[in-house]
1. Modelled with pLDDT under 80, assigned to a helix (DSSP H, G or I) and among the charged types (D, E, K, R), is that true of Glu108?
2. For the stretch 47-65, check the following and say yes or no: at least one residue is farther than 28 Å from Ser177 by Cα, open to solvent by 60 Å² or more (accessible area, probe 1.4 Å), hydroxyl-bearing (Ser, Thr, Tyr) and under 21 Å from the mean Cα position of the chain (by Cα).
3. Looking at the stretch 270-290, is at least one residue among the acidic types (Asp, Glu), more than 33 Å from the chain's Cα centre (by Cα), open to solvent by less than 50 Å² (accessible area, probe 1.4 Å) and at negative phi?
4. Hey, any hits in the stretch 68-83 for a residue that's touching a His at 6+ places or on another chain (Cβ under 8 Å) and farther than 22 Å from Thr142 by Cβ?
5. Which ones in the stretch 70-105 are assigned to a loop (DSSP other than H, G, I, E, B) and of a type in the set (Gly, Ala, Ser)?
6. So for the stretch 84-100 (the condition being at positive phi and either in contact with an Asp or Glu (Cβ under 8 Å, 6 or more places away or on another chain) or at pLDDT below 80 (or both)), does at least one residue qualify?
7. Only one of (1) part of a helix (DSSP H, G or I); (2) in contact with a His (Cβ under 8 Å, 6 or more places away or on another chain) is not met by Arg63, so which one is it?
8. Among the candidates Ile127, Ile100, single out the residue that is out of contact with any Ser or Thr (no Cβ under 6 Å at 6 or more places or on another chain), surrounded by fewer than 17 Cβ atoms within 10 Å (Cβ to Cβ) and closer than 17 Å to Val24 by Cβ.
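The values are calculated or read from the model by the stated rules, or taken from the named source; none is laboratory data. All values derive from a computational prediction rather than experimental measurement. Cβ coordinates were reconstructed from backbone atoms using ideal geometry, including for glycine residues, and neighbour counts include every protein chain displayed. Please note that ligands, DNA and RNA were not included when accessible areas were found on the heavy atoms of the full protein model with its side chains. Shrake-Rupley method; radii C 1.70, N 1.55, O 1.52, S 1.80 Å.
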Amino acid sequence: MSNSDKAIRTTYFSILTNFLLALVKWLAGYFGHSHALIADAIESTADIFSSFLVLLGLKYSKRPADQTHPYGHGRIEPLITFIVVIFLIVSAFIIAKESIHNIQTPHEAPKSWTLYVLGAIIIWKEISFRVIMRRSKKLNSTSLKADAWHHRSDAITSVAAFIGISVALIFGEGYESADDWAALLASGLIIYNCYGIFRPALAEIMDENRYEELEEEVRQHSLHVAGVELIEKCYIRKIGMLFQIDLHAVVNPNLSVREGHAIAHDLKDYLIANLDNIGNVFVHIEPFEED
């Protein structure tokens, strides 16, 4: 199974999880009189649509390189991540708006049983976050990482709701709006987390050279190839789940063009075979010159 297929399977898991939890939250929030749970349900509903976007993006990114997309279709991943961030921000503002309205409107305290529902949701969401985040790192997927952070933000919203409902139940009359304040706080935390999702995607689409560990691995592995004296330059960019590497390999200046060309091919093949998630390697041959 390819990395893309594994990522797609993970996204199906995310969609199913979000659908079931959104349904539970809507029902528990409505019958349990908890505005924080309803706000939480709004966020989970937005997660369903964002997970569908991630799924579509991953399927599109699987398309092979063609004449108009010689580097493949992986750039769709950070673009989808931007849309997911927008979904999160819109969800946060909807939650904040509803929370402010509910704070100003007298209402009865939430039911105590909603705490059990929230406790189970928090545990499940944190597990989902860890599973999907681990998979996103393994598969090197930006959009899957954004989807994982959706689960974490959902867990944060649920924790805030749990605290708010607990305060409302413990202190009783006059504290009914505690869960609304909790939902308002959660919306701020979601906005804060958006930056952590947005920044890596922006770096990817701007071709930032920020892969120091991989660069060091490339330099060390390159010296194992016969004929390579040293690596002068090494530039790395990420496209989808794969890395594209541009190298300047220094070789003996007395070699023929044919011999230099063969070394370049050997170097490319060696790096792709020995390093993970390498899509392509472009090698420029430089003559060795003593100072």
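1. Criteria not met by Glu108.
2. Within the stretch 47-65, one or more residues are farther than 28 Å from Ser177 by Cα, open to solvent by 60 Å² or more (accessible area, probe 1.4 Å), hydroxyl-bearing (Ser, Thr, Tyr) and under 21 Å from the mean Cα position of the chain (by Cα).
3. Checked against the condition, which is being among the acidic types (Asp, Glu), more than 33 Å from the chain's Cα centre (by Cα), open to solvent by less than 50 Å² (accessible area, probe 1.4 Å) and at negative phi, the stretch 270-290 yields at least one hit.
4. Within the stretch 68-83, not a single residue is touching a His at 6+ places or on another chain (Cβ under 8 Å) and farther than 22 Å from Thr142 by Cβ.
5. Gly72, Gly74
6. no
7. For Arg63, the failing item is (1).
8. Just one listed residue meets the conditions, Ile127.
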